[in-house]
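**Q** Below is a structure I'd like to ask you about.
Values quoted throughout were computed directly from the atomic coordinates according to the rules given, and no laboratory measurement underlies them. Just so you know, these numbers come straight off a predicted model, no measurement behind them. Positions of Cβ are backbone-derived with ideal geometry, glycine not excepted, and every protein chain shown enters the neighbour counts.
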Amino acid sequence: MSDSASSFPGRPLRRRSFLRVAGATVASSALLLAGCNDDDDVTPVTTSNTLVLTANTVGLLNYLYLLEQLQAAFFQKVVDAFPDDFTADDRAAFTDLRDHEVIHRETLKYTLDTNAYDVNLGTNALAFKFDSFNLSSRSGAYAAARTLKDLSVAAYNGISRMLLTDAAERVTFQAHLKLLVKMASVESRHAAFVREQLQSNSFAAPDVVDTNGLDGAKTPAEVAPLIAAYLPITLNVAALPFI
């Protein structure tokens with residue numbers, strides 16, 4: 001992704017307003033931890049270069065878990081080497097975003113327990129690839145964050161299109177869905193915040209909100225090729241039952 005021009009018409013950061021998101025993040029994570037039951041489903045198959053997600057709620061949660069790992073890794077990379085033109089507020093905001101994504105990542109990991117796709121990988125965490133982004137400037141870092149946040153929002157919105165034929169699995173999915181929606185709302189606030197830093201009043205731009213005023217939604221089959229460039233493995237979502 002190329003960096004944008006030197007002009008940067010973003011809206012000034014409102015630190016107090018942004019920190020309200022942190023409270024919502026923690027609250028949603030706590031609800032998720034309290035509401036999820038252990039699953040006895042088979043863990044998705046992981047080889048050295050392919051992740052095959054299973055056709056059930058565990059497969060869906062692992063899909064979201066991978067997305068949260070990706071986002072946490074991205075924000076950590078920026079925090080580790082802030083662009084020179086980042087202000088103190090920018091640094092604080094990206095640190096907060098990193099912390100929120102870590103909370104979401106660890107919440108899903110805890111929820112999945114032994115069903116997490118990387119349970120047998122130990123400390124060998126995936127090395128996500130962000131070389132397609134220009135992270136050397138404020139505009140480049142925020143543009144990259146916008147790309148990932150817009151995808152995350154669309155991915156969370158798309159989970160409502162999951163189609164399960166097994167009655168018991170539908171009950172399990174619905175129990176998770178109510179709580180995942182809370183996490184989705186936090187992701188939406190993140191996306192809106194990041195967009196506002198790039199251009200004022202762009203949080204509801206036509207590329208992310210339809211004519212009915214609704215955020216876009218994407219199935220795993222639609223998201224997978226869009227994140228493929230950032231993954232060190234091949235993601236196979238063909239078994240996930242989406243319409």
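**Q** Separation of segment 177-194 and segment 80-112 by C-alpha centroid, Å?
**A** Measuring centre to centre over Cα atoms gives 15 Å.
**Q** Among Lys77/Lys178; Lys77/Lys218; Lys129/Lys178; Lys77/Lys149; Lys77/Lys129; Lys77/Lys182, which pairs are too far apart, with a Cα-Cα distance over 21 Å? Walk me through the numbers on the way to the answer.
**A** Working: Lys77/Lys178 31 Å; Lys77/Lys218 26 Å; Lys129/Lys178 32 Å; Lys77/Lys149 15 Å; Lys77/Lys129 10 Å; Lys77/Lys182 26 Å.
Those over the limit are Lys77/Lys178; Lys77/Lys218; Lys129/Lys178; Lys77/Lys182.
**Q** Highest first, please rank the peptides 80-90, 178-188 by the mean number of other Cβ atoms sitting within 10 Å of their residues.
**A** On the way: 80-90: 13.3, 178-188: 19.8.
Ranked by mean Cβ neighbours within 10 Å, highest first: 178-188, 80-90.
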